[in-house]
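Student: Please read through the structure below; I'll follow up with questions.
The values are calculated or read from the model by the stated rules, or taken from the named source; none is laboratory data. The structure presented is a predicted model; accordingly, all values stated were derived computationally and were not measured. Cβ sites come from the backbone with ideal geometry, for glycine too, and all protein chains shown count toward neighbours.
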Amino acid sequence: MYRFSFKIKHNNCEETKLSIDFPKHYISVIDIQSKNPKDKQYLYHISGDSKYFDKIKSYLNNSRYYKLVKEIERTKNILIVVLHQKSYIQNIIQENNGFFIDLHTVYDGYEFWHVGVVEKYSIERMRKELSKLGKLKILSIGEVNFYQPLLTKQQEKIFVLAHKSGYYKIPRKTTIKQIAHELKLSPSTVGEHLIKSEIKLINSAANKI
């Protein structure tokens, strides 16, 4: 099997516009099964300064493309939304027999996607279709073994450093920017990996309770 990772600045996409208007916030998106291909139901986990959460809710409520905006949990900045627009990346992935192997995230105008496929030729078909939707950048393509450790090597490296540096202490002893500087990575990369690591570790712990 193969893994196809990419980021895309999705034209006419409300998630992309949201991340541009709130550039310091990371959005992790859980795609909830929807019957209508034009109405997508999502769970948004929004990471960033919580004082902007009400502004983000107001932004979504005032957008004609969001048919539902409902707050689920204030302490975690979680919303359930129903989005209505003309084009969806999910549809292209599913039409080419792809499947999601990680949450897709949105940050600073880009959507980040990680897709699994059985046949490698499906990736080229997806790439051509995705290129029509906006500015596309391939992050990686390669064979993958889905029997992997909980965290990838990169996620583990970043998470361990964040933990040792006091990122999870109250008050925090470091920032994403400082961690990124030490690892010579971009803050968006570090933030994305930390969110994914946190979700994986929380889900793993919750399943054992």
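Student: Exactly one of these conditions fails for Leu18: (1) buried (at least 20 other Cβ atoms within 10 Å of the Cβ); (2) in a strand (DSSP E or B). Give me its number.
Tutor: Only one criterion in (1) buried (at least 20 other Cβ atoms within 10 Å of the Cβ); (2) in a strand (DSSP E or B) is unmet by Leu18, namely (2).
Yes/no per residue for (1) outside the structural domain of Thr189 (by TED's automatic domain parsing); (2) in contact with a strand residue (DSSP E or B) (Cβ under 9 Å, 6 or more places away or on another chain); (3) farther than 21 Å from Lys200 by Cβ; (4) among the β-branched types (Val, Ile, Thr):
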| site | (1), (2), (3), (4) |
| --- | --- |
| Val69 | yes, yes, yes, yes |
| Leu103 | yes, yes, no, no |
| Glu129 | yes, no, yes, no |
| Leu139 | yes, yes, no, no |
| His163 | no, no, no, no |
| Tyr168 | no, no, no, no |
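Student: Can you pull out the residues in segment 40-72 that are among the small types (Gly, Ala, Ser), touching a residue at least 12 places away in the same chain (Cβ under 8 Å), surrounded by fewer than 18 Cβ atoms within 10 Å (Cβ to Cβ) and on the phi < 0 side of the Ramachandran plot?
Tutor: Result: Ser50, Ser63.
Student: Need a quick list: helices (runs of 4 or more DSSP H) entirely within segment 90-209 having at least 1 residues that are among the polar types (S, T, N, Q), in contact with a His (Cβ under 7 Å, 6 or more places away or on another chain) and at pLDDT 90 or above.
Tutor: Here the list reads 153-164.
Student: Now for a separate question. If Asp31 passes every condition in (1) modelled with pLDDT of 90 or more; (2) assigned to a strand (DSSP E or B); (3) not hydrophobic (A, V, I, L, M, F, W, C) but one, which one does it miss?
Tutor: For Asp31, the exception is condition (1).
Student: Out of all the residues in segment 64-82, which are under 19 Å from Tyr26 (Cα atoms) and hydroxyl-bearing (Ser, Thr, Tyr)?
Tutor: Tyr66, Thr75
Student: If I go through segment 65-83 residue by residue, how many of them are over 17 Å from the mean Cα position of the chain (by Cα) and at pLDDT 90 or above?
Tutor: Going through segment 65-83 one residue at a time, the tally reaches 8.
Student: While we're on this one: Sort out which residues of segment 117-140 are touching a residue at least 12 places away in the same chain (Cβ under 8 Å) and more than 23 Å from Cys13 (Cβ to Cβ), and write them in order of number.
Tutor: Val118, Glu119, Lys120
Student: Take His114 and decide whether it is surrounded by 16 or more Cβ atoms within 10 Å (Cβ to Cβ), touching a residue at least 24 places away in the same chain (Cβ under 8 Å), in contact with a strand residue (DSSP E or B) (Cβ under 8 Å, 6 or more places away or on another chain) and closer than 25 Å to His25 by Cβ.
Tutor: Yes.
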